[in-house]
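Here's the structure, in structure tokens; my notes come after.
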Amino acid sequence: MNDVRIDDLPVRDELRGKSPYGAPQLDVPVRLNTNENPYPLPEPLVERITERVREAARNLNRYPDRDAVELRTGLAEYLTKTGKYPVGVENVWAANGSNEVIQQLLQTFGGPGRTALGFEPSYSMHGLIARGTGTGWISGPRNDDFTVDLAAAEKTIAEHRPDVVFITTPNNPTGNAVPPETVLALYEAAQAAKPSMVVVDEAYIEFSHGDSLLPLLEGRPHLVVSRTMSKAFGAAGLRLGYLAAHPAVVDAVQLVRLPYHLSAVTQATALAALEHTDTLLKYVEQLKSERDRLVAELRAIGYEVTESDANFVQFGRFDGKHGSHEAWQRILDRGVLVRDNGVPGWLRVTAGTPAENDAFLDAVRELLSVVG
Ligand code: PMP
């Protein structure tokens with residue numbers, strides 16, 4: 001039995017030889033590798049979740065609200081309050097993490113015979129979910145400094161005429177944001193070519209120096225802004241992502257969502273978290289200043305650092321074919337787990353608590369004295 005491997009099974013051709021998403025989950029003292037929020041939820045919120053989940057538990061014999069109306073209303077209020085643009089329940093859709101939001105978008109607007117485009121390096125799951133939904137993947141270019149080269153991007157869109165275009169801003173793993181003018185120009189280019197759906201992945205927007213692109217939704221029914229409670233809300237374990245778009249997009253994704261996809265427990269927990277938005281956003285301010293400290297200190301030590309609008313920082317450069325992986329291992333040997341995203345010469349560190357960041361900075365200071 002043990003000698004049967006994936007490729008011995010009749011799996012779809014496009015999955016052959018591929019690896020699943022796999023950030024290592026290692027048990028080390030300082031884990032700064034998956035862009036999680038390092039602060040556990042505050043105790044009053046834990047209490048409120050317990051209350052709301054207890055209430056929900058009394059009705060677990062019934063299916064949950066299939067349309068998650070109360071939760072989507074709460075998310076719409078949050079977006080309206082923070083996004084400088086009025087969003088209603090009819091503009092919002094929610095799912096189990098923004099990964100599921102992206103999957104539903106690709107099931108709706110991609111699929112066999114269609115293509116999706118992203119500007120890489122970027123969030124690797126865009127390409128992996130494309131593959132999983134039978135959507136062809138096109139890797140668009142970035143400049144050496146990881147900014148999006150507008151002329152090259154427009155040329156790629158015109159040439160490939162993708163059905164879905166992903167713009168991740170702030171971008172993961174590089175950390176830099178895409179200027180709103182560039183997003184607008186890419187939207188226009190995508191409409192001229194096809195027209196296609198443009199998905200702005202704002203998973204890290206709460207950490208940005210700039211504003212959300214939500215106001216761009218006005219008059220642009222092919223634009224989607226995707227968000228998550230995994231980062232700013234410190235609730236990666238909750239699995240709650242959402243999108244804002246024209247109501248027709250919200251209707252369209254319901255053609256592919258599984259019935260009752262958001263459990264009553266998830267909806268109750270997310271509603272409790274939304275009640276504590278103000279407290280949770282204070283942690284965001286703390287993380288932003290720690291992020292800025294990491295950028296400044298890494299530069300002072302002598303590393304190159306990509307501008308960051310996120311809760312993580314990309315740093316390098318590590319020379320040689322295995323340079324970044326070797327550096328990753330040496331940092332791990334000092335008890336600090338960072339991320340090697342496969343961007344040659346670069347590693348990514350998530351902003352943690354001040355003590356965690358100090359441990360990381362000590363590790364990379366020592367590293368430079370070894371390799372530099
Ligand atoms: N988009 C980007 C850019 C991300 O980095 C991540 C998580 N690493 C996600 C989406 C998915 O987040 P989640 O499914 O936890 O909402």
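Only residues that are touching a strand residue (DSSP E or B) at 6+ places or on another chain (Cβ under 7 Å) and outside any helix (DSSP H, G or I) were counted across segment 324-351, and they come to 14. Filtering GLY132, GLY127 for residues that are farther than 18 Å from TYR187 by Cβ and at pLDDT below 95 leaves a single hit, GLY132. Screening the candidates VAL183, VAL225, VAL200 for the property of being under 19 Å from the mean Cα position of the chain (by Cα), free of Cβ contacts under 8 Å to residues at least 40 places away in the same chain and farther than 15 Å from SER98 by Cα yields one hit, VAL183.
Screening the candidates ILE167, ILE205 for the property of being among the aliphatic types (A, V, I, L, M), farther than 15 Å from PHE119 by Cβ and surrounded by 23 or more Cβ atoms within 10 Å (Cβ to Cβ) yields one hit, ILE205. Total residues in segment 234-246 satisfying the condition of being outside any loop (DSSP other than H, G, I, E, B) and among the aliphatic types (A, V, I, L, M): the figure is 3.
Rundown of residues vs (1) within 16 Å of the ligand (Cβ to nearest atom); (2) at pLDDT below 95; (3) part of a helix (DSSP H, G or I); (4) closer than 24 Å to THR156 by Cβ, yes/no style:
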| site | (1), (2), (3), (4) |
| --- | --- |
| TYR187 | no, no, yes, yes |
| ASP211 | no, no, no, no |
| SER226 | yes, no, no, yes |
| ALA232 | yes, no, no, no |
| ALA248 | no, no, yes, no |
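Determine whether segment 300-315 contains at least one residue that is surrounded by fewer than 22 Cβ atoms within 10 Å (Cβ to Cβ), within 26 Å of LEU75 (Cα to Cα) and not assigned by TED's automatic domain parsing to the domain that holds ASP144. Within segment 300-315 (the criterion being surrounded by fewer than 22 Cβ atoms within 10 Å (Cβ to Cβ), within 26 Å of LEU75 (Cα to Cα) and not assigned by TED's automatic domain parsing to the domain that holds ASP144), the answer is yes, since at least one residue qualifies. Based on this model, can you work out whether GLU70 counts as assigned to a helix (DSSP H, G or I), in contact with a Pro (Cβ under 7 Å, 6 or more places away or on another chain) and surrounded by fewer than 21 Cβ atoms within 10 Å (Cβ to Cβ)? No; evaluated as a whole, the condition is false for this residue. Counting only residues that are at pLDDT below 95 and either within 14 Å of PHE360 (Cβ to Cβ) or touching a strand residue (DSSP E or B) at 6+ places or on another chain (Cβ under 6 Å) (or both), segment 21-30 holds 3 of them.
Exactly one residue out of ALA153, ALA94 is assigned to a helix (DSSP H, G or I), modelled with pLDDT of 95 or more, farther than 27 Å from VAL11 by Cα and not charged (D, E, K, R), and it is ALA153. For the subset of segment 138-150 comprising residues that are part of a loop (DSSP other than H, G, I, E, B) and more than 15 Å from the ligand (Cβ to nearest atom), which member is surrounded by the fewest Cβ atoms within 10 Å (Cβ to Cβ)? This residue is ASP144.
Return yes or no: is GLN267 more than 16 Å from the ligand (Cβ to nearest atom), in the same structural domain as ASP201 (by TED's automatic domain parsing) and modelled with pLDDT of 95 or more?
Considered against the rule, which asks whether it is more than 16 Å from the ligand (Cβ to nearest atom), in the same structural domain as ASP201 (by TED's automatic domain parsing) and modelled with pLDDT of 95 or more, GLN267 comes out as no.
When the residues of segment 350-372 are filtered to those that are under 13 Å from PHE318 (Cβ atoms) and of a type in the set (Val, Ile, Thr), which remaining residue is nearest to the chain's Cα centre (by Cα)? This residue is VAL364.
So, in segment 156-185, of the ones that are of a type in the set (A, V, I, L, M, F, W, C) and assigned to a helix (DSSP H, G or I), which residue ends up nearest to the ligand (Cβ to nearest atom)?
Among them, the one singled out is VAL183.
The numbered conditions (1) crowded, with 24+ Cβ neighbours inside 10 Å; (2) near the ligand (Cβ under 10 Å from one of its atoms); (3) farther than 27 Å from ARG142 by Cα are all true for ALA94 except (2). The residue that is farthest from the ligand (Cβ to nearest atom), among those in segment 21-49 that are in a loop (DSSP other than H, G, I, E, B) and without any contact (Cβ under 8 Å) to a residue 40 or more places away in the chain, is ASP27. Just one residue in the set ALA351, ALA359, ALA355 is within 22 Å of ASP27 (Cβ to Cβ) and surrounded by fewer than 14 Cβ atoms within 10 Å (Cβ to Cβ); that residue is ALA355. Pairs linking a residue in segment 241-255 that is in contact (Cβ under 8 Å) with a residue 12 or more places away in the chain and farther than 25 Å from THR269 by Cα to a residue that is in a helix (DSSP H, G or I) and hydroxyl-bearing (Ser, Thr, Tyr), with Cβ atoms under 7 Å and 6 or more positions apart or on different chains, are ALA252/THR108; LEU255/THR108.
The values are calculated or read from the model by the stated rules, or taken from the named source; none is laboratory data. Just so you know, these numbers come straight off a predicted model, no measurement behind them. Note that each Cβ is placed from the backbone with ideal geometry, even for glycine, and that neighbours are counted across all protein chains shown.
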